[in-house]
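Right, one structure below, let's go through it.
Where a number appears in this text, it was derived from the coordinates with a stated rule and is not lab data. It should be emphasised that the depicted structure is a prediction, and the values quoted were computed from it without experimental measurement. FYI the Cβ positions are ideal-geometry reconstructions off the backbone, even for glycines, and counts take in every protein chain you see.
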Amino acid sequence: MTAPNMPVDVRFHLPQGPQLPPKSWQRRYRWPIRVGSVVAVLVFVAASTVAIVYGFAARSTITASGAVTVDCVTRTAGGSSQIRFGAPVALYDADDTDGSPLATTYLDGLRRLGGDVCLADFEVKDLDSVPLYTVTIGDDFRALVSSGALEAGYLFA
């Protein structure tokens, strides 16, 4: 007998029936299913490894770009004879002390913005990724620029 406010424990148990007949296809295809599963796992592991290696290699280089505002007529930047269209550009690792550039190029792109103002720009593909670069333009201009800024397209003032 239960008390009036006691919860009732209700459980349903079905009677045990006859055993199900064995499935012949499970016995017949047991080994092919196992071999297929192992092959599928190996293909997945190989594809994962290739994706990881490719992703790591792709992230270890960047495409760096930058520009300098120049006068469209003289193709020089604000009275500087050193920073002009066609001037050499060198990118260095800011933490590297041996002084060898990671890449060299030129201000070889010219785009008109309007009026007498143009952009002389450069682009370096497959540049080794480092946190901070020293960028030199011409003989006397030097700036520290982050890798993110060069990836976005840095405008040198």
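Miscellaneous remarks
- Site pair GLU151 and PHE56 shows an inter-label distance of 1.8 nm when each label is modelled 7 Å from Cα along Cα→Cβ.
- Selection among PHE12, PRO88, VAL35 by position relative to the dipole of the chain gives PHE12 as farthest towards the positive end (Cβ unit charges, Cα centre).
- Gyration tensor (alpha-carbon) shape descriptor, segment 114-155, a/c threshold 1.5: prolate
- Degrees, to the nearest 10: 30-59 long Cα axis against longest axis of the chain: 20
- The chain: C-alpha pair distances exceeding 24 Å, %: 61
- Segment 82-157: C-alpha gyration tensor shape, a/c 1.5 cut-off, then a/b vs b/c: prolate
- When the Cα gyration tensor is reduced to axis lengths a ≥ b ≥ c, the ratio a/c is 1.5 or higher for segment 1-42, and with a/b not above b/c it is classed as oblate.
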